[in-house]
Amino acid sequence: EKRQLTPDEQEEQRERAYNLVYGYDLFASSPTTFAPATDIPIPSNYVLGPGDIISVNLYGTSSLDPQNDIIINRDASIEIPGMRPIGVGGLTLDEARKLINKRVSTEFLGASASVSVTELRSMQIFVLGDAYLPGSYTVSSLSNISHAIYIAGGVSEKGSLRNIQLKRRGKLVQTYDLYDLLLKGDTSKDLRLLPGDVLFIPVIKNKARILGSVRRPALYEIKEDTTLADLIELSAGLKSESLPEWFMIVSDMQ
């Protein structure tokens, strides 16, 4: 049931909103539960691996079953009934289609094959550090950095949005800046994850607030080398009525 907030609660809510770093509200509607997605389009450059289930439809031969749903074995091969095993692990979907079609047409004159992925394998990854819900997650093999952050509830109010680290086998693979996605729509560094990957969210270090005649006044996370011009760009620029020759810098944070 809704109730009227007390003056103290209203003041606390205003203060919290005022001190909320831009970008944290992206995760306000993050899911509380998560199941791996299995009904999404599979790109032709998707890399097949053990656990994926592929559908192989055969045409032009009565010697083989026309339709086969086949799981990729632990040794990264598939076994079409009536044929020798075919190694497809590590191949893209497009490469596997060409290889399977070549093998079918070679062993059975006039035959051809159509190949698609019917079910994606699942994998375990870790989201650690200052995530909202740090821990181990089971995700689909198409998951990327931003997807994993989202299912972990996002970044906590102590965590960095601009220095998210993807670690693989103990080595830093990528540093991901969520502001690239939020402010530019840039997903070029939003890498696809592999089994056992670790996303580590460190504590936020530097913040700066910009107020006045800018299009998006707010508190922003900034990097070590951020300039005043960079901060104005983060705030979507100056309004038409602004006086850019007049500005004031005030330090109000430790």
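The values are calculated or read from the model by the stated rules, or taken from the named source; none is laboratory data. Bear in mind the structure is a predicted one, so any value in this text is a computation, not a measurement. Cβ atoms come from the backbone with ideal geometry, glycine included; neighbour counts cover every protein chain shown. Ligands, DNA and RNA are excluded from the accessible area calculation, which covers all protein heavy atoms including side chains. Shrake-Rupley method; radii C 1.70, N 1.55, O 1.52, S 1.80 Å.
Output the residues belonging to segment 215-236 that are β-branched (V, I, T) and touching a strand residue (DSSP E or B) at 6+ places or on another chain (Cβ under 6 Å). Selection gives I222 alone. Do you know which of the residues in segment 110-130 that are open to solvent by 10 Å² or more (accessible area, probe 1.4 Å) and under 22 Å from G159 (Cα atoms) is nearest to the chain's Cα centre (by Cα)? Looking at the filtered set, the residue picked out is F126. Exactly one residue out of L93, L99, L142 is touching a Gly at 6+ places or on another chain (Cβ under 9 Å), of a type outside the set (S, T, Y) and under 18 Å from S44 (Cα atoms), and it is L99. Step by step: first the residues of segment 193-218, then only those that are in contact with a Leu (Cβ under 7 Å, 6 or more places away or on another chain) and under 22 Å from Y150 (Cα atoms), then the one that is surrounded by the fewest Cβ atoms within 10 Å (Cβ to Cβ). Which residue is that? Among them, the one singled out is V198.
Among the residues of segment 166-177, just one is more than 25 Å from Y46 (Cβ to Cβ) and open to solvent by less than 40 Å² (accessible area, probe 1.4 Å), namely D177.
Checked against (1) closer than 30 Å to I78 by Cβ; (2) loosely packed, with under 15 Cβ neighbours inside 10 Å, Y137 passes all but a single condition, namely (2).
Of the residues N101, N68, N73, which is among the polar types (S, T, N, Q) and open to solvent by less than 40 Å² (accessible area, probe 1.4 Å)? Don't jump to the end; show me each part of the working.
Values: N101 fails: open to solvent by less than 40 Å² (accessible area, probe 1.4 Å); N73 fails: open to solvent by less than 40 Å² (accessible area, probe 1.4 Å).
When all the criteria are applied, what remains is N68.
Looking only at segment 80-117, residues that are of a type outside the set (S, T, Y), part of a strand (DSSP E or B), touching a residue at least 24 places away in the same chain (Cβ under 8 Å) and closer than 17 Å to D65 by Cα come to 2 in all. Across segment 146-162, not a single residue is classified as surrounded by fewer than 19 Cβ atoms within 10 Å (Cβ to Cβ), at pLDDT below 95 and closer than 30 Å to P81 by Cβ.
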